[in-house]
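Report on the following structure.
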Amino acid sequence: VLWTGNGCATPTIELRDVQKDVLVFKLGTLGDVVRSKNGAIAAFALPTPAFGRDPTQPPTNVSVAVLDVHTAKMQWTGWSSHPQPPRLVISPNGKHLYARSASADGVDVKFAAIRTDNLSQKPVIGGAQQLDRATWSQGGKLLYVLSNGAVYRISTGMSVATHVDVPGSPELMDVTDAGDLLVLGEATAPQFYVVDLVASDKVVSLHLSAL
């Protein structure tokens, strides 16, 4: 069983064997913990441990860690020298992780795709600089990202963000329960956009008016 103190002043992750009523470990994290839909993998940021660091890599203050909930095996990789933890998005099957962070002045941006089995990183290219909102398509094959009011599509496990031509500057995003439609909206205007995920991302604009 995994317990996370998301939203707390000092968030923690705790793994406990409920059958034996034994605490496997408890660890402080930086920011929230994300967990795959199948429950097998958890990911989080933490201060870079002093032990186990690869001496051939530049020193970092923040690392990204991945925990296999079933085996209690944890591994981590250096992420950034800046103290700001990255925002994390994990695929439903737990095999892929996307992380994004920036320096305090917003200049040094890092957005990367990470494999959870070996923690290899690939920079995300294609124009997406933010990870304002993110949601997965049905089956977790595609990740849709809102970045500064623009929509991008990333094939799961890949590192290329393809722009989806949606008018306006949507700030809200979700996928229908059937997983076939991506619904976007503008926070300050009654304007919504529906992206048909089955029909090659065909976009329909909807303007709501008062009756």
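The values are calculated or read from the model by the stated rules, or taken from the named source; none is laboratory data. None of the values given here were measured: they were computed from a predicted structure. Every residue, glycine among them, receives a Cβ derived from its backbone with ideal geometry; neighbour counts consider all protein chains shown. Please note that ligands, DNA and RNA were not included when accessible areas were found on the heavy atoms of the full protein model with its side chains. Shrake-Rupley method; radii C 1.70, N 1.55, O 1.52, S 1.80 Å.
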Query raised in the report: Taking the stretch 29-74, which residues are at pLDDT below 85 and in a strand (DSSP E or B)?
Result: Leu30, Gly31, Asp32
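Just to be sure I understand, how many residues within the stretch 80-93 are in a strand (DSSP E or B), open to solvent by less than 50 Å² (accessible area, probe 1.4 Å) and at pLDDT 90 or above?
Qualifying residue count, the stretch 80-93: 3.
I need the full set of residues from the stretch 131-144 which are modelled with pLDDT of 85 or more and open to solvent by less than 50 Å² (accessible area, probe 1.4 Å), in order please. Walk me through it before giving the result.
Let us first name the residues in the stretch 131-144 that are modelled with pLDDT of 85 or more, namely 131-136, 140-144.
Leu131, Ala134, Thr135, Trp136, Gly140, Leu142, Leu143, Tyr144, listed by residue number.
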Report summary line: Subset of the stretch 153-211, residues within 23 Å of Gly140 (Cβ to Cβ), modelled with pLDDT of 80 or more and among the charged types (D, E, K, R), comes to Arg153, Asp174, Asp180, Asp196, Lys202
Query - Every pair of residues 6+ apart whose Cβ atoms lie under 9 Å, when the first sits in the stretch 181-199 and is in contact (Cβ under 8 Å) with a residue 24 or more places away in the chain while the second is charged (D, E, K, R) and loosely packed, with under 13 Cβ neighbours inside 10 Å - result: Val195/Lys202
Query raised in the report: Can you find a residue in the stretch 150-164 that is in a loop (DSSP other than H, G, I, E, B), of a type in the set (D, E, K, R) and open to solvent by 30 Å² or more (accessible area, probe 1.4 Å)?
Result: no
